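Input: a single structure, listed below in structure tokens.
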Amino acid sequence: MPEGYCVKCKAKKEIIDAVEETMKNGRKAIKGKCPTCGTVMFKILGGKASATAAQEPAVSEPAASSPKP
Ligand SMILES: [Zn+2]
């Protein structure tokens, strides 16, 4: 069960009936209820939409020109 902060209990609580939702900005969030008071809880998950910027290591070719004396 995910945990969230209940503003009514002013404490961290387990989120019951948790449903994962995707917000308009592409971030994911969990929506559920506080097990103690039933207040709707909302936890935003730090979802990064574009995190894969795989940079290839710069392959440095060895100097092909070998000066001959
Ligand atoms: Zn509560």
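Which condition from (1) surrounded by fewer than 12 Cβ atoms within 10 Å (Cβ to Cβ); (2) within 20 Å of the chain's Cα centre (by Cα); (3) at pLDDT 90 or above is the one that residue 14 breaks?
If we test residue 14 against (1) surrounded by fewer than 12 Cβ atoms within 10 Å (Cβ to Cβ); (2) within 20 Å of the chain's Cα centre (by Cα); (3) at pLDDT 90 or above, just (1) comes out false.
In the range 23-44, what residues are touching a residue at least 12 places away in the same chain (Cβ under 8 Å) and part of a strand (DSSP E or B)?
Scanning the range 23-44 gives 28, 29, 30, 31, 32, 33, 41, 42, 43, 44.
For the subset of the range 17-65 comprising residues that are among the basic types (Lys, Arg) and within 16 Å of the ligand (Cβ to nearest atom), which member is modelled with the highest pLDDT?
If we take residues in the range 17-65 being among the basic types (Lys, Arg) and within 16 Å of the ligand (Cβ to nearest atom), then 33 is modelled with the highest pLDDT.
The values are calculated or read from the model by the stated rules, or taken from the named source; none is laboratory data. Note that the structure is a prediction, hence the values are computed from the model and not measured. Note that each Cβ is placed from the backbone with ideal geometry, even for glycine, and that neighbours are counted across all protein chains shown.
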